[in-house]
Amino acid sequence: MPRRPEVIAHRGTPRENPENSLLGFARALAHGADGIELDVHVTADGVPVVHHDAVLGRPGVGGPLDGRAIRELTRDELARHELAPGVGVPTLAEVLALVGDRATVYVEVKGAGAERAVAELLASHGARTPVHAFDHRVPARVRALSPATPIGLLSESYLLDTAHALRAAGARDWWPHRTRVDAALVETVHAAGGRVVVWTVNDADEALALARLGVDGVCTD
């Protein structure tokens, strides 16, 4: 049998609960997830909060703040927004308190200019709170501010020199889309001292095939 990859709950349990909610993260922990993955923006008063989009509003869920940008709202103002009845947008600090040492918290930094606020919050958490992003400059900036925080690079492309990208950013984790993974990529990343964390894998057979390739983590709904 192949070594079991780390199972990472993508935005909590979005098929059961509102994504990026404390309710969803608690459910992921109850399911035995090894890690949770979430998205972070920063409010107008500098509070890192967990939400996928920069602008509020989801299909089928109406609210008084729909269409407002998170970066233009204070934390107190954002507290009025509901992901579902009675379910609010959590702060990153609240999620970290909920998870504790039960799982790794993989933080995707989406908000522009959020690096310092995120780095300051994560500085005391070390390896339990890696940071990743599609803009590879973002995790590099976080690491410069918080050297103990591991970082990763998200990608939808198959690079000609993935090892160089990891070295240039000082990154540990390579986050490829599930359609951009083969044995050569896994070997390249491992030879560079890195880890392969694949997104977003929702098919059991595909997850098993990736495990046979030796990937280190599978991000799943």
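The values are calculated or read from the model by the stated rules, or taken from the named source; none is laboratory data. Note that this is a predicted model, so its numbers are computed, not measured. Using ideal geometry, Cβ is built from the backbone for each residue, glycine included, and neighbour counts are taken over all protein chains shown. What goes into the accessible areas is simple: the full protein's heavy atoms, side chains included, and nothing from ligands, DNA or RNA. Shrake-Rupley method; radii C 1.70, N 1.55, O 1.52, S 1.80 Å.
What the Cβ-Cβ distance of residue 212 and residue 127 gives, at R0 = 25 Å and to the nearest 0.05, is a FRET efficiency of 0.40. Surface analysis of the chain yields an accessible area of 46 Å² per residue, using protein heavy atoms and a 1.4 Å probe. Sorted from greatest to least, the principal axis extents spanned by the alpha carbons of the chain come out as 49, 36, 30 Å. Here the Karplus relation 6.51 cos²θ - 1.76 cosθ + 1.60, evaluated at θ = phi - 60°, turns the backbone of the range 95-100 into coupling constants of 5, 4, 5, 5, 6, x Hz, with x for every Gly and Pro.
Only beta bridges with both residues in the chain are counted; by DSSP, about 25 percent of them are antiparallel. Between 44, 140, 119, the GNM of the chain built on Cα springs shorter than 10 angstrom shows 44 fluctuating the most. Which residues does a label at residue 177 reach in the range 183-221, if reach means a backbone N under 13 Å from a point 7 Å past the Cα toward the Cβ? Correct set: 199-201. Once the Cβ-Cβ distance of residue 44 and residue 156 is raised to the sixth power relative to R0 = 25 Å, the FRET efficiency obtained is 0.25.
Calculate I(q)/I(0) for the range 1-76 by the Debye formula, one identical point scatterer on each C-alpha and no solvent, and give its log10 at q = 0.19, 0.20, 0.21, 0.23 Å⁻¹ to two decimals. Per q value, in the given order, log10 I(q)/I(0) is -0.84, -0.90, -0.96, -1.05.
For every other residue with a beta carbon closer than 14 angstrom to the beta carbon of residue 148, add +1 if it is Lys or Arg and -1 if Asp or Glu, then tell me the sum. Working shown, then result.
Values: positive: 128, 143, 172; negative: 120.
Neighbourhood net charge equals +2.
Between residue 42 and 49, 111, the built amide H atoms are under 5 Å apart, and every one of these is 5 or more places off in sequence or on another chain. Net length available on complete extension from residue 187 to residue 135 is 16.3 nm, with 0.36 nm assigned per residue and the Cα-Cα distance removed.
Here the extension length gained between residue 77 and residue 163 equals 26.6 nm, from 0.36 nm per residue of separation less the Cα-Cα distance. Quick one: if you stick a label point 7 Å off each Cα along the C-beta vector at residue 202 and residue 15, how many nm between them? Inter-label distance under the simple model: 0.7 nm. Using the Cβ-Cβ distance between residue 68 and residue 221 with R0 set to 22 Å, the FRET efficiency from 1/(1 + (r/R0)^6) comes to roughly 0.25. Name the residue, out of 122, 153, 65, whose mean-square fluctuation peaks in a Gaussian network model built on the chain with Cα pairs under 10 Å. The residue with the greatest mean-square fluctuation here is 65.
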